[in-house]
Amino acid sequence: MTDKRYIEIVTNPGTVKLEDIPVLEYTDFVTFLDLVMGEEGTHCVAYFVLPQPGYYRFICCMAADENHALLVFSHIQHIDPALSLPSITAKHFQFHVFEREMHENFGIDFAGHPWLKPVRYPFDRADQSQVMNNYPFYSIDGEQLHEVGVGPVHAGIIEPGHFRFICHGEQVLHLEIQLGYQHRAIERLFVERSGILQQSVLAESIAGDTVIGHALAYAAAIESLAGITVSKNLSVERIIALELERIAVHIGDTAALCTDIAYQFGQVVNEALRTIIINTTQLWCGNRFGKGLIRPGGSNYPLKPLVIGEVLKNLKEVEERYLQVTARIFSLPSVLGRFEGTGKVTTMQASLIGAVGMAAKSSGMYRDIRWSHPFSAYGDLLYEPVMLHKGDVWSRAMLRKKEVEKSMAVIRELLKEITNYELRITNDEIVSPNYDLQLAPSSMVVSLVEGWRGEICHVAITDDEGRIVLYKAKDPSLHNWMALALAVRNQEISDFPLCNKSFNLSYCGNDL
Amino acid sequence: MAMIFEEINILRRHGKQFVPDLRSAVLPGIFRGRPVISGDITQAEAETVALLCPVGAIAVNSGKNRSDQAVCSLDLGKCVFCRECEFSLPGKIQFTNDHKIASNVRERLIVSSGLEQPVSVDPLLVRREIRSLFKHALKLRQVSAGGDNAAEMELNACGNVNFDMGRYGIEFVASPRHADGLVITGPITQNMAEALQICYNAVPSPKMIILCGSDAISGGIFSQSSALNREFLRRISVDLYIPGNPPHPLTVINGILDLL
Ligand code: SF4
């Protein structure tokens, strides 16, 4: 490598020694970042502070999608309560949430940041005078404007968050989203609870609708730090579980989108189909959400012929019926009238905010970790992402339908590769989870997974004895909440529930 | 016209989805429900799994007056149903598919070794107004206070076409003002503590409280977190504990029906 300004990670997950991550002067750091951001498809997957005795180390991980690599580089600043750095957000808006997080956690100022507001009110935040009740909402003065506050407790059975609208009549001029109600100190618990079993259960609880996605990101990270690889069969099984999770949520969301436009027929038919899928996961591992299924080093639930048979049978049944009902949904004028053109996010906006996953793919961005940084069994699959261009509710609904079809095809493809179960037992191929793994010292691992919402990123850093001293868990929602705020601008406030559901973002995934 | 036939076709394949008898419905054997701990588990074995358990749900009764006590016990209010204790001691600990594990008495969630006994509601301890007022119609408001959205989705599923809890007159409502009680999910975070209290105050009396999921009952995997504030639970009395990670809709519905 001739350019000494960064270290490249070409595997996913990938582990590097902390000492191998270049340290730049802040001005060089920013110059290099400008250069990297000029490349098509490059985006920031993690930018965080590693506190060290006397100084902060700021580590930045950029995904270069076209090159299928990660670029990692850092800068160092002495700990000083008056520490202020020129904000990167001012130039590259997608950094807004990373700088806000560092500001909230450590009190670091970012000069020129347009929106240095709380992200989640962590219990150990630098400024304890910031509390849930005094969030600095944006406001506009005007005799014809009014504000609408919704939440934290909402009408349905969903998680808490506060939405503050500034409206002109029925029209939304601005939406600000205040989160943090769900903060459980997950990242801190990963450090405090050092057992791998405890951490696996924690990873499954980051977002209970993305159990497989987060558990897989964690397991892969730990395996990479421990320097072990798992069998081909196990990688295949993990991806089958991940795609079953995607199918279940996407179908459930299709139902929920119908609910929000009072199309009960579409709702009940899809709800029943989702039930078939999550019951298949339960048949596999005893839990409808797949809790307990993904563990580092092995599995407690190797895929048996009986379950494979059920998966194939149920996929066939659900696919036929889902295609039938979605053909109906997407041809009804009353449905299209609500979906089309509602809640638009342009490609430009999506790219500016660093949107990931569904929010990116439905707004014309080619962004999918399964393609850009293939993990687990995706290494051999050459996955082509689904992409739509209009960025409206229709696109986000249609994306789900298309992804369901693709995931079903992926599962069928992968199931062909699961070799004979009896043979695997005799060959001792079925391995139990390993909770005694020794992790590489003074290292950093980055693990990316494309969950059903989008890019999940877990980063773990170990000390010189191989203990985890820092854990960063990023749910795609961290980026995508801003997409929802943009989508409802100039929309009728009555379309908010529909827009919200079309993104279906995670509160606890943001709040951690 | 063609459109109508399309819908009829879809409905024909949809068929009847509801579980006809929720009281006697059986889940596949691999479902993780009520555990059974065999009477011949040794103290050493119990100590191993107590150490292994990620949430400290297994307690070992050591020492002198052991003769009249079980060797160990497993607290379903703490358990996250990872089943690792069973994998570690197959034959000694076994999770059965018995999904009826809710109770109004916290202690009844504790399963002792050598004692095979269903988890049940103690009818004598159910507050009188619950049965007299809510038996035929119960409206509930749900509050997620740090819940991970799994229990929330299962509560939604209670009302879907498969489980259709509405058939018993039990429903979730949008406003606490319309509710007869709260169903709480999640370990109760500091940041949600005030909103939970306000929501509770807004429910007209008499009102009932249901804790849904191991996080809500004990904090679960988050019990040691510095970001929780569970003081609310000291101020109120709980009417029903529904263990699970997350609780299955059948556990929720049967638990509530047993209470009423
Ligand atoms: S199943 Fe429950 S009791 Fe057993 S180890 Fe897991 S959490 Fe502990």
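The values are calculated or read from the model by the stated rules, or taken from the named source; none is laboratory data. Computed from a prediction, not measured in an experiment: that's the story for all the values here. Note: ideal-geometry Cβ built from the backbone for every residue, glycine included; neighbour counts use all protein chains shown. In case anyone asks, the SASA skips ligands and DNA or RNA and just uses the protein heavy atoms, side chains included. Shrake-Rupley method; radii C 1.70, N 1.55, O 1.52, S 1.80 Å.
Per residue of peptide B:4-16, the mean number of Cβ atoms on other chains within 10 Å of the residue Cβ is 3. Rg ratio for segment A:294-424: its Cα radius of gyration over 2.2 N^0.38 Å, N being its residue count, equals 1.29. Residues of segment A:255-283 whose accessible area (probe 1.4 Å, heavy atoms of protein chains only) drops by at least 20 Å² once all protein chains are present, relative to their chain alone: A:F265, A:V268, A:V269, A:E271, A:A272, A:R274, A:T275, A:Q282, A:L283. Between segment A:216-244 and segment A:338-369, what's the alpha-carbon centroid distance in Å? Segment A:216-244 and segment A:338-369 have Cα centres separated by 29 Å.
Computed over segment A:456-511, the Cα gyration tensor eigenvalues convert (square root of 5λ each) into semi-axes of 36, 8, 6 Å, ordered from largest to smallest. Accessible surface ranking for B:E84, A:E405, B:E171, 1.4 angstrom probe, highest first: B:E171, A:E405, B:E84. Computed over the alpha-carbon atoms, chain B gives an Rg to Rh ratio of 1.02, Rh here being the Kirkwood radius from the mean inverse distance. Oblate is the label for segment A:413-497, because a/c, from the alpha-carbon gyration tensor with a ≥ b ≥ c as root eigenvalues, is 1.5 or above and a/b does not exceed b/c.
Compute the Cα gyration tensor for the protein assembly as shown, then decide on rounded, prolate or oblate, letting a ≥ b ≥ c be the square roots of its eigenvalues: rounded whenever a/c is under 1.5, prolate when a/b is larger than b/c in the other cases, and oblate in all that remain.
It is rounded, given that a/c, with a ≥ b ≥ c, falls under 1.5.
Legend: residues in segment B:78-94 shielded by at least 40 square angstrom of accessible surface upon adding the remaining protein chains to the isolated chain (1.4 Å probe, heavy atoms) are B:E84, B:F87. Global dimensions of segment A:7-126 from alpha-carbon coordinates: Rg and Dmax equal 14.2, 40 Å.
Rounded if a/c is under 1.5, else prolate if a/b is larger than b/c, else oblate: which is segment A:310-370, with a ≥ b ≥ c the root eigenvalues of its Cα gyration tensor? Since a/c reaches 1.5 but b/c is at least a/b, the shape of segment A:310-370 is classed as oblate. With 26 Å as the limit on Cα-Cα distance, the pairs of A:K304/B:K78; A:K232/B:K92; A:K17/A:K416; A:K313/A:K474; A:K304/A:K406 that go past it are A:K304/B:K78; A:K232/B:K92; A:K17/A:K416; A:K313/A:K474. Within the accessible area of the protein assembly as shown, the carbon and sulfur atoms contribute 52%, probe 1.4 Å, all protein chains present.
Mind listing, in residue-number order, the residues in segment B:226-248 that have at least 10 Å² less accessible area with every protein chain present than in their own chain alone (1.4 Å probe)? Residues of segment B:226-248 that lose at least 10 Å² of accessible area once the other chains are added: B:S226, B:A227, B:N245, B:P246, B:H248.
A Stokes-Einstein calculation at 37 °C with viscosity 0.692 mPa s, built on the Kirkwood radius of segment B:35-112 over Cα pairs, returns a diffusion coefficient of 257 µm²/s. The alpha-carbon atoms of segment B:170-260, seen along their principal axes, cover 35, 28, 21 angstrom, with the largest extent given first. The figure for A:W394 is an accessible area of roughly 40 square angstrom, using a 1.4 Å probe on the protein chains alone. Segment A:458-512 and segment A:310-337 have Cα centres separated by 29 Å.
Note on exposure: A:K401, A:K361, A:K17 ranked by accessible area (1.4 Å probe, complete protein assembly) read A:K17, A:K401, A:K361, with the most exposed listed first.
At a 1.4 Å probe radius, which order do A:I21, A:I425 fall into by accessible area, largest first?
Largest to smallest exposure gives the sequence A:I425, A:I21.
Taking all protein chains into account, the per residue accessible area for chain A stands at 34 Å² (1.4 Å probe).
When nucleic acids and ligands are ignored and a 1.4 Å probe is applied, A:L234 ends up with an accessible area of around 20 Å². Accessible area per residue for segment B:123-259 is 34 Å², calculated with a 1.4 Å probe on protein heavy atoms, without ligands, DNA or RNA.
Can you give me the span-like helices of chain A, meaning DSSP H runs with 20 Å or more of Cα extent along the axis and Kyte-Doolittle mean at or above 1.0?
Details: long enough: A:211-226 (22 Å, 1.40); A:232-260 (42 Å, 0.40); A:264-285 (32 Å, 0.35); A:305-329 (35 Å, 0.04); A:393-415 (33 Å, -0.10).
The answer, listed by residue number, is A:211-226.
Report the accessible surface area buried between chains B and A, summing both sides, using a 1.4 Å probe on protein heavy atoms only, in Å² rounded to the nearest 100. The summed interface area works out to 5300 Å². Note on A:C285: accessible area approximately 0 square angstrom, rounded to 10, probe 1.4 Å, nucleic acids and ligands left out. Roughly how far apart, in whole Å, are the Cα centres of segment A:16-62 and segment B:140-173? What the calculation gives is 45 Å, centre to centre.
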